[in-house]
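K.L.:
I'd like to ask you about the structure that follows.
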Amino acid sequence: MFRRRASEAKHEATVPDGGQGPGPARSRGPSRSGLPGSSGSSGAGEPGRAAAEPWGPPPAGLDVSAPHPARVWNYWLGGRDFFAADKAAGEEIGREFPHLAEMARAERAFLVRAVRFLAGPAKIRQYLDIGAGLPAGGNTHEIAQRIAPDSKIVYADNDPAVLLHAKALLGNPMLASTPGGAVCYTEADLRDVAAVLAGAGSALSLSRPVALILLGVLGHVDDYGAARSIASQLMDALPAGSYLVAADGMAANQGIVGAQRRYDESARPRYGASAPASYVLRRTDELTSFFDGLELTEPGVVPCPQWRPDGRGPEGASPDAAVAVCGVARKP
């Protein structure tokens, strides 16, 4: 469930958010964890330094003898919810498919900036983050509640391993919600819009504005029309003043498209039953269409490093070489 939560209070964030820090499976039906990222040239973890060592024992009932895509993503982003098999897989995949790390880090840095905007100037106090994945620092609720402690966040995911991690993490008072806010998760698949909304309604008031966060998940819906329909149905269920925050991988060139295809083909042998669904890289105009009918905030739909950059993104992030496109839009 959690894409970004820091696994311990003293762990420094992967991408600073102005006082704290951003992690994968975001309803993981599909999940951001399904689209792993690697560490570019510097290896795993936080840009410019190695990932932390694993923190604590695994949750009861969790098999950590084989890698899991959510924990591999967590390793790449400098989190601590990974184990030896995940670290080994992360290093191997990172060497083979470096574009995945660029995508993961670019989306993470964008998330931090977007939630700062939503919790600050936009005054949003409710968030539905679908397919959030495991912790790494800078979760949606960390960022939002640091600015507005009364913020309420629902994470939706359907990966059993992610949900086990999430349950253990929410039981830790150092990682839980602020007293005035709320943080919970719901088990639901992105493709089951009714289930996602029902879970969200357990903690959020869907009659008041909600920020819907879809980072790296719509690409797991291979049919373009179905992906657009899911985004539209979710936004249709939210009131005026709500926001859509979305980012996905871009078909920047044939080399990246080919690499993504090879990674998808290798996922089942690597991960077995926990392998993520294949991921579709789309054209910028296709990604832009997810915001149809909404009022885009400046600067519109752009490569992630170009969305209100603050100079604190991952090292080596190049706006011209971006492999993920993002946007934030308000429902009129």
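K.L.:
Any chance region 124-141 includes a residue that's modelled with pLDDT of 80 or more, open to solvent by 10 Å² or more (accessible area, probe 1.4 Å) and under 22 Å from LEU206 (Cα atoms)?
P.N.:
Scanning region 124-141, I find at least one residue that is modelled with pLDDT of 80 or more, open to solvent by 10 Å² or more (accessible area, probe 1.4 Å) and under 22 Å from LEU206 (Cα atoms), so the answer is yes.
K.L.:
Here are the criteria: (1) closer than 27 Å to ILE147 by Cα; (2) open to solvent by 10 Å² or more (accessible area, probe 1.4 Å); (3) under 20 Å from the mean Cα position of the chain (by Cα); (4) not β-branched (Val, Ile, Thr). Tell me which single one ASP189 does not satisfy.
P.N.:
(1)
Let's see how each residue does on (1) closer than 20 Å to VAL193 by Cβ; (2) under 19 Å from the mean Cα position of the chain (by Cα):
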position: GLY225; (1), (2): yes, no
position: ASP236; (1), (2): yes, no
position: ASP248; (1), (2): yes, yes
position: GLY255; (1), (2): no, no
position: GLU295; (1), (2): no, no
position: GLY300; (1), (2): no, no
position: PRO303; (1), (2): no, yes
position: GLY327; (1), (2): no, yes
position: LYS331; (1), (2): yes, no
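K.L.:
Taking ALA195 and the conditions (1) at pLDDT below 95; (2) open to solvent by 10 Å² or more (accessible area, probe 1.4 Å), which numbered condition does it fall short on, given that it satisfies the others?
P.N.:
Result: ALA195 passes all but (1).
K.L.:
Take region 295-332 and flag every residue that is out of contact with any strand residue (DSSP E or B) (no Cβ under 7 Å at 6 or more places or on another chain), at pLDDT below 95 and in a loop (DSSP other than H, G, I, E, B).
P.N.:
PRO309, ASP310, GLY311, ARG312, GLY313, PRO314, GLU315, GLY316, ALA317, SER318
K.L.:
Among the residues of region 186-232, which ones are out of contact with any strand residue (DSSP E or B) (no Cβ under 8 Å at 6 or more places or on another chain), more than 25 Å from ILE143 (Cα to Cα) and of a type outside the set (A, V, I, L, M, F, W, C)?
P.N.:
ARG191, ASP192, HIS220, ASP222, ASP223, GLY225, ARG228, SER229, SER232
K.L.:
For TYR224, indicate whether it is closer than 30 Å to GLY94 by Cβ, at pLDDT below 95 and surrounded by 14 or more Cβ atoms within 10 Å (Cβ to Cβ).
P.N.:
Considered against the rule, which asks whether it is closer than 30 Å to GLY94 by Cβ, at pLDDT below 95 and surrounded by 14 or more Cβ atoms within 10 Å (Cβ to Cβ), TYR224 comes out as no.
K.L.:
What is the number of the single condition among (1) modelled with pLDDT under 95; (2) assigned to a loop (DSSP other than H, G, I, E, B) that LEU204 does not meet?
P.N.:
Condition (1) is where LEU204 drops out.
K.L.:
Separate question: For region 144-186, which positions are among the hydrophobic types (A, V, I, L, M, F, W, C), in a helix (DSSP H, G or I) and open to solvent by 40 Å² or more (accessible area, probe 1.4 Å)?
P.N.:
Across region 144-186, the qualifying residues are ILE147, LEU164, ALA168, LEU170.
K.L.:
May I ask you to list the residues in region 82-92 that are more than 19 Å from the chain's Cα centre (by Cα) and in a loop (DSSP other than H, G, I, E, B)?
P.N.:
PHE83 - this is the single residue of region 82-92 that is more than 19 Å from the chain's Cα centre (by Cα) and in a loop (DSSP other than H, G, I, E, B).
K.L.:
For TYR243, which of the numbered conditions (1) open to solvent by less than 60 Å² (accessible area, probe 1.4 Å); (2) over 25 Å from ASP157 (Cα atoms); (3) modelled with pLDDT of 95 or more fails to hold?
P.N.:
(2) is the only condition that TYR243 fails.
K.L.:
Being open to solvent by 10 Å² or more (accessible area, probe 1.4 Å), in a helix (DSSP H, G or I) and in contact with a Leu (Cβ under 9 Å, 6 or more places away or on another chain) narrows it down to one residue among ARG116, ARG95, ARG105; which is it?
P.N.:
The conditions single out ARG105.
K.L.:
Taking the condition at positive phi and either in contact with a Leu (Cβ under 7 Å, 6 or more places away or on another chain) or assigned to a loop (DSSP other than H, G, I, E, B) (or both), does GLY249 pass?
P.N.:
no
K.L.:
Those residues that are assigned to a loop (DSSP other than H, G, I, E, B) and out of contact with any strand residue (DSSP E or B) (no Cβ under 9 Å at 6 or more places or on another chain), I need them from region 119-143; list them, please.
P.N.:
GLY120, PRO121, LYS123, LEU134, PRO135, ALA136, GLY137, GLY138, listed by residue number.
K.L.:
Name the single residue that is modelled with the highest pLDDT among those in region 47-81 being outside any helix (DSSP H, G or I), among the hydrophobic types (A, V, I, L, M, F, W, C) and open to solvent by less than 60 Å² (accessible area, probe 1.4 Å).
P.N.:
Selected residue: ALA66.
The values are calculated or read from the model by the stated rules, or taken from the named source; none is laboratory data. Model, not experiment: these values are computed from the prediction. We place every Cβ from the backbone using ideal geometry, glycine too, and count neighbours over all the protein chains shown. Just so you know, the surface numbers come from the protein's heavy atoms only, side chains and all, with ligands and any DNA or RNA stripped out. Shrake-Rupley method; radii C 1.70, N 1.55, O 1.52, S 1.80 Å.
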